[in-house]
1. Suppose the filter is outside any helix (DSSP H, G or I) and in contact with a Ser or Thr (Cβ under 8 Å, 6 or more places away or on another chain); does residue 131 pass it?
2. Mind counting the residues in the range 108-131 that are free of Cβ contacts under 8 Å to residues at least 60 places away in the same chain and surrounded by 17 or more Cβ atoms within 10 Å (Cβ to Cβ)?
3. Kindly check whether there is at least one residue in the range 93-111 that is at pLDDT 95 or above, under 20 Å from the mean Cα position of the chain (by Cα), part of a strand (DSSP E or B) and of a type outside the set (A, V, I, L, M, F, W, C).
4. From the residues in the range 38-64 that are within 16 Å of the chain's Cα centre (by Cα) and assigned to a loop (DSSP other than H, G, I, E, B), which one is farthest from residue 282 (Cα to Cα)?
5. So which of 134, 148, 153 ends up being crowded, with 17+ Cβ neighbours inside 10 Å and under 24 Å from residue 177 (Cα atoms)?
6. Tell me, please, whether a residue that is of a type in the set (Ser, Thr, Tyr) and not in a helix (DSSP H, G or I) can be found in the range 143-154.
7. Within the group 276, 266, 226, which residue is within 17 Å of residue 41 (Cα to Cα) and part of a loop (DSSP other than H, G, I, E, B)?
8. List the residue pairs whose Cβ atoms are under 7 Å apart, where the first residue sits in the range 244-264 and is free of Cβ contacts under 8 Å to residues at least 12 places away in the same chain, the second is surrounded by 21 or more Cβ atoms within 10 Å (Cβ to Cβ), and the two are 6 or more positions apart or on different chains.
Amino acid sequence: MYPSSQVPKIRKDKIFIGKELISKAPKIEGVPSGIEGLDDLFFIIETKKKKIEKKSLKGIPKYSVLQVTGVSDTGKSIMVEQFAVTQANRGEKVVFITVETPAIFTINSLKLRAAALGYDFNKIDKNLILIDVATDNALRENIPDLIATMSYAFDTYDAKFTVIDSITGLFENKEMTARTIIRKLYNVMKENFQTALVVSQKRGSHEELTAEAAGGYAVGHILDGTLVLAKELINSSYKANLYHKKIGEIIRLFRIDGCRLSAHDTDTHHMQITDTGLIVIGESIVEH
């Protein structure tokens, strides 16, 4: 049926019994995100006295690689910076891959975010490891080199947290390659047991509150889940009544669009960016 050189190879090393895997699988637990209102939106299901109960993870799922997506000016970078400095304040090493903004400017943004959260930046800056892709076109274009650099940083600094801002910058003008690039980056983060937030950009034509972003649904399909940030202009009486806002105001919204590693809230929530520059997730628009 096949030439001898092309006979399909049975990969028995890739066949596992569930009972064997479950003993090796990491425990489902939460990591505090530093984003007010977010941590209780992820939960696990437990059975107690034959009753099914939801138990909050008090954080995003550990070892998850989540997409943070939205159009311009929805707070994506603020959200991942809050996450990064919160982990640094917990004593964890964070690898922050800055693709859009040179590292010397990104570090200032991180310092501002730390100040807004009440953290002493002089005590946590040693826990922030920045990889400056923004100033190096060769590194931006050479994904194997970027992966090798990431792996080196993970090993050298014993880092367990990663931020990429933004992954879209790694496939500018070549969105057909998005799935391949994202898969490679996802694999290296999973192999190194990273908990990560990955920013991706939405185009103006994309639906505001879906996982769709530049590169289509490739990012959302491959990564473990999606945090969607949106904004909407109140330009009609209908919207004014719906959101209890005045015509001309801007409403900010947030929702979790899927997560493989845990259960999660499915409502759309109010969101705000405070005057100190922090993301706060509010109540569900259904409750409101």
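The values are calculated or read from the model by the stated rules, or taken from the named source; none is laboratory data. If you're wondering where the values come from, they're calculated on a predicted model, not measured in any experiment. Neighbour counts run over all protein chains shown; Cβ positions are idealised from the backbone, glycine included.
1. Values: outside any helix (DSSP H, G or I): yes; in contact with a Ser or Thr (Cβ under 8 Å, 6 or more places away or on another chain): yes.
Against the criterion (outside any helix (DSSP H, G or I) and in contact with a Ser or Thr (Cβ under 8 Å, 6 or more places away or on another chain)), residue 131 qualifies.
2. Summing the residues that are free of Cβ contacts under 8 Å to residues at least 60 places away in the same chain and surrounded by 17 or more Cβ atoms within 10 Å (Cβ to Cβ) in the range 108-131 gives 12.
3. yes
4. Per the criteria, the residue is 63.
5. Working: 148 fails: crowded, with 17+ Cβ neighbours inside 10 Å; 153 fails: under 24 Å from residue 177 (Cα atoms).
After applying the criteria, what remains is 134.
6. Here is the first cut: in the range 143-154, the residues of a type in the set (Ser, Thr, Tyr) are 149, 151-152.
If we keep only those that are not in a helix (DSSP H, G or I) too, we end up with none.
No, the range 143-154 contains no residue that is of a type in the set (Ser, Thr, Tyr) and not in a helix (DSSP H, G or I).
7. Numbers: 276 fails: within 17 Å of residue 41 (Cα to Cα); 226 fails: part of a loop (DSSP other than H, G, I, E, B).
None of the other options fit; the residue is 266.
8. none
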